[in-house]
Amino acid sequence: MNLATIRTLGLAVLGSAALSGAALAQQPGNAAAGERMAVAVCANCHLVREGQPQAPMDSVPSFAAVASDPALNEMRLRGFLNRPHFPMPNIELSRQQIDDLVAYFNARRDQPKTR
Ligand code: HEC
């Protein structure tokens, strides 16, 4: 292992520690669980990430757009996720699931935009 590799590994470890540390400090949600849920459930309509197997619906905001929308701050997101949204009136999220999704959007918001 050369020095550059060690440095890269060290940065990766530091980066993920900082991310989970920040997420833990701010809220009880688990960003990784939120992402799993987004990929499994929300991707049926939203573009959660490029290359996903499901085709997103037209005129539904991508999650990159949601995460970068300053109007959709944490409070607005929670309010929105607390009630099911058209055309999916049956998505009922538990508090834990909402915490996880909010943590997921927060983590994406803090990252540089790559997609
Ligand atoms: C059956 C399709 C469908 C599914 C599944 C779905 N959504 Fe949506 N979503 C929509 C549509 C359509 C809109 C745009 C209309 C609206 O704002 O109500 C939307 C809008 C949103 C918005 C933006 C709200 C705003 O004010 O701009 C957020 C955030 C969101 N969805 C989160 C989620 C999350 C998180 C999930 C998974 C738990 C999810 N959605 C699953 C169809 C869906």
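Here are a few things to note about the model shown:
- Scanning the stretch 74-85 for residues that are under 12 Å from ARG109 (Cβ atoms) and near the ligand (Cβ under 9 Å from one of its atoms) turns up just one, LEU77.
- Matching residues, the stretch 30-52, being closer than 13 Å to TYR104 by Cα, outside any helix (DSSP H, G or I) and within 12 Å of the ligand (Cβ to nearest atom): VAL48
- Filter result for the condition that a residue is outside any helix (DSSP H, G or I), exposed (fewer than 13 other Cβ atoms within 10 Å of the Cβ) and near the ligand (Cβ under 10 Å from one of its atoms), over ALA55, ALA71: ALA71
The numbers here are math on the coordinates, done by the rules we state, and not lab data. Just so it is clear, the model here is predicted, and its values are computed rather than measured. Don't worry about glycine lacking a Cβ; one is built from the backbone with ideal geometry, like all the others, and counts go over all protein chains shown.
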